Amino acid sequence: MAEATLFRGATVFDGTGADPVRADLLVRDGRVAVLGDAAARDAGDAAVVDAGGLALMPGIVDLHTHYDAQLTWDPGCSPSPALGVTTAVIGNCGFGIAPCPPGLRDTMLRNLSVVEGMDLAALRDGTRWDFETFTGYLDLLRRLKPSLNVAVFAQHSTIRTAVMGEAASERAEPTADELAAMVAQVRDAMAAGAIGFASSFSPNHSGWAGAPMPSTIAPDHELHALLGPLRDAGRGVFMSATGPRATPDYMEDVAARTGRPAFISTVLGMYSDAAPTRGLAMYERCAQALDRGRDVRMLTSCQPLTFDFDLLSPYVWFPLPSFEPVKAAAAAGDRDALARLYADAAFRERFRADLRSPPSGVIFTGDWSQVTVGLVGLDANRALQDRPVASLAAGAGRDPIDWVFDFALSEDLATRFGGRFFNNRDEGVAPLLKHRAGVVTLSDAGAHLSYLCDAGFGLHFLGHWVRETGTFDLPEAVRRLTSHPAQAFRIAGRGRIEVGGPADLLLFDPASVGLRPLRAVHDLPGGGRRLVRDPVGVHGTWVNGTRTFDGDAIVAQPPGQGPGRVLDRFDT
């Protein structure tokens, strides 16, 4: 590990939106020591990186990840270092693993496996339980020393489960003692260094065997009480997967009550052909709140929301009422029960009825042109891969639901499907990305690993929205991926290149930067499968001056010697 690194001849984008400068940059002891002509003179025996005019920017700040469990077995935070990320926020949507009494560990993991689409066997095999409290979890991360800088939310569903046990998903009203215990947990987490508080009201967020995730049934007065420690401390941010319940007006009320920023994450705010003006209207309502002095903003995805799924665990349809028995059979791994359900004409009709009047906020609303056949189970069906279900069903003279279920049953449910449900038209997404009430993030890194891998959202932004469409110029795009999200979440010192600041850096080629196609690997604990993306045009990533990606592979760090920091001090 070099104590100093000289970047020679880089085109430096400082993260503020300013025009780039061609300059040398010297990093020493994890910080930017010199920027400009004196860098080479002062370099001494520093390692030299010949940038050759490549772009050097601050590392990407990813505000929405789910590495909570993965960090305990993979401090390297794969694949984020390869994708230019240097700072990540975890505990989003109020889901995580701390605090957790020993007797509730499997409850936490089972819920997490469903709501965030994680491999339960891998969670059970890999999660390291060297803690019970939120403070203990942060201490574990400090000992593990991850490859990313990490900030952690206090988590509504996790805290509710820790206090109420299994009843957290069954009983809406906590007792007075339970509520007081939950408030104490949030206060302790804030004192330990939480970045804020996260929750979810989303109807898409179900846990084990279809049970609602605990926060989704919590009453409003509980949420307001749990946000009290943020108000009292005068610091911390609130994020929520809001669903239809926590509207921009609702979140503005939260911001008014607490004096703290409130961030909205919801598919309702994404572009959808079914409701093309709905997302932009939400952004406009947030902008009106900003004008009234309430910091309410939308967390914005720059990528199409895509899912890779099969009928053994059809996550995208779980929020529909007709799929309640499917969720139970999928959780039990009962393949025969699933096959009986899918063959049942009455079940299919209930599915059709749901799609005629889908609940608000669900992922899929019935447009079968957005669903394609992915990997097939039989070689004879390979010609159908990547073709839309709508056209295949029409060609066969069948209803799409009948076609999907009959086809999957003919392959013993081995068929995988792909869905592109939201943010599927550039002309609809661009106004959201450029809106003053939006903050670009929503990678979901670490989650839904059998369906997607959006951890490379920043490289997609630089490739697609800058080079391919010209929607942003490069200085502004860099700002939107670095200092802008860091400032929004009050993460001090990150997201800029400045003398004396931390050397979180990404070296890349603007002419080629982007992402390779999804690929499957079997590297989870116990050999579990996940989907990953590889970068194009990335020549290196550095966290606090230490290289974490060398242009070809993630750099393995010695155990307990990763360069990342557990961030626990934030701007007010």
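The values are calculated or read from the model by the stated rules, or taken from the named source; none is laboratory data. Please read these numbers as outputs of a predicted model, since none were measured by experiment. Cβ atoms come from the backbone with ideal geometry, glycine included; neighbour counts cover every protein chain shown. Note: areas computed on protein heavy atoms with side chains; ligands, DNA, RNA excluded. Shrake-Rupley method; radii C 1.70, N 1.55, O 1.52, S 1.80 Å.
Structure notes:
- Conditions (1) surrounded by 19 or more Cβ atoms within 10 Å (Cβ to Cβ); (2) modelled with pLDDT of 95 or more; (3) under 30 Å from ALA437 (Cβ atoms); number of the one not met by GLU284: (1)
- Scanning the stretch 60-87 for residues that are assigned to a helix (DSSP H, G or I) and of a type outside the set (Gly, Ala, Ser) returns GLN70, LEU71, THR72, TRP73, PRO81, LEU83.
- Options PHE417, PHE421, PHE405; residue that is under 24 Å from ALA330 (Cα atoms), open to solvent by less than 10 Å² (accessible area, probe 1.4 Å), in contact (Cβ under 8 Å) with a residue 60 or more places away in the chain and part of a helix (DSSP H, G or I): PHE405
- Any hit, the stretch 357-372, residues being in contact (Cβ under 8 Å) with a residue 12 or more places away in the chain, open to solvent by 30 Å² or more (accessible area, probe 1.4 Å) and among the β-branched types (Val, Ile, Thr): yes
- One residue stands out in the stretch 104-160 among those that are among the basic types (Lys, Arg) and assigned to a helix (DSSP H, G or I): the one that is surrounded by the fewest Cβ atoms within 10 Å (Cβ to Cβ), namely ARG143.
- Identity of the residue in the stretch 300-358, over 30 Å from PRO485 (Cα atoms) and in contact with a strand residue (DSSP E or B) (Cβ under 9 Å, 6 or more places away or on another chain), that ends up modelled with the highest pLDDT: LEU311
- Selection within the stretch 447-465: residues that are of a type in the set (A, V, I, L, M, F, W, C) and either touching a Ser or Thr at 6+ places or on another chain (Cβ under 9 Å) or over 14 Å from VAL536 (Cβ atoms) (or both). The member of this set that is modelled with the lowest pLDDT is LEU452.
- Selection within the stretch 509-558: residues that are of a type in the set (D, E, K, R) and modelled with pLDDT under 95. The member of this set that is least open to solvent (accessible area, probe 1.4 Å) is ARG530.
For (1) open to solvent by 10 Å² or more (accessible area, probe 1.4 Å); (2) in contact with a Pro (Cβ under 9 Å, 6 or more places away or on another chain); (3) polar (S, T, N, Q), each residue gets a yes or a no:
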{"position": "GLU3", "(1), (2), (3)": "yes, no, no"}
{"position": "ASP19", "(1), (2), (3)": "yes, yes, no"}
{"position": "LEU26", "(1), (2), (3)": "no, no, no"}
{"position": "ASP42", "(1), (2), (3)": "yes, no, no"}
{"position": "HIS64", "(1), (2), (3)": "no, no, no"}
{"position": "PRO79", "(1), (2), (3)": "yes, yes, no"}
{"position": "LEU83", "(1), (2), (3)": "no, yes, no"}
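- For the stretch 196-207, the condition of being modelled with pLDDT of 95 or more, closer than 19 Å to ASN92 by Cα and in a helix (DSSP H, G or I) holds for none of the residues.
- Any hit, the stretch 375-396, residues being surrounded by 16 or more Cβ atoms within 10 Å (Cβ to Cβ), closer than 17 Å to THR415 by Cα, among the β-branched types (Val, Ile, Thr) and at pLDDT below 95: yes
- Selection count where residues are on the phi > 0 side of the Ramachandran plot and surrounded by fewer than 20 Cβ atoms within 10 Å (Cβ to Cβ), scope the stretch 194-247: 3
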